[in-house]
Amino acid sequence: MIKKEQRVPALRIKKIYQKGQTRKSENITLRFFENHKQTSRFGFVVSKKAISKATKRNLIKRRSSEIVRNISDKIKSGYDYVLIFKKEIEFQELEKEIKEILNV
């Protein structure tokens, strides 16, 4: 799990949705916005519409958090990132898409 300092506050997510830039892949949409800080922060969104079971939604969030934690030193700092998942995907594919969408 990523540190609390690396998590996007819930109120900030709305601003990222409204003013942030977007990148899309097959299964993930990335929204990001500059935060003027030394570190990057991350948020993970999995809707009930995309994945109905809470256990599977939480699994996607945990796996994504772990992937981001492992590659956080390679990610450009100074941004808030929100990863939005469109459907359930396997770990290897998830890791590949996250690295691809974050340009790591």
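Odds and ends about this structure:
- When the test is whether a residue is charged (D, E, K, R), farther than 16 Å from ILE2 by Cα, part of a loop (DSSP other than H, G, I, E, B) and free of Cβ contacts under 8 Å to residues at least 60 places away in the same chain, LYS49 passes it.
- Number of the exception - VAL104 against (1) buried (at least 16 other Cβ atoms within 10 Å of the Cβ); (2) in a loop (DSSP other than H, G, I, E, B): (1)
- Residues that are in contact with a Phe, Trp or Tyr (Cβ under 9 Å, 6 or more places away or on another chain) and either surrounded by 14 or more Cβ atoms within 10 Å (Cβ to Cβ) or modelled with pLDDT under 90 (or both) within the stretch 18-36 comprise GLY20, ARG23, ASN27, ILE28, THR29, LEU30, ARG31, PHE32, PHE33, ASN35, listed in sequence order.
- Annotation: LYS74 fulfils all but one of (1) surrounded by fewer than 16 Cβ atoms within 10 Å (Cβ to Cβ); (2) in contact with a strand residue (DSSP E or B) (Cβ under 6 Å, 6 or more places away or on another chain); (3) of a type in the set (D, E, K, R); the unmet one is (2).
- Matching residues in the stretch 19-30 - criterion: being in contact with a Lys or Arg (Cβ under 8 Å, 6 or more places away or on another chain) and either among the hydrophobic types (A, V, I, L, M, F, W, C) or more than 17 Å from LYS96 (Cβ to Cβ) (or both): GLY20, GLN21, THR22, ILE28, LEU30
- Scope the stretch 34-71; condition closer than 16 Å to GLU97 by Cβ and hydroxyl-bearing (Ser, Thr, Tyr); matching residues: SER64, SER65
The values are calculated or read from the model by the stated rules, or taken from the named source; none is laboratory data. Not measured: the values here are computed from a predicted model. When we count neighbours, we look across all protein chains shown, and the Cβ atoms used for this are built from the backbone with ideal geometry, even at glycine.
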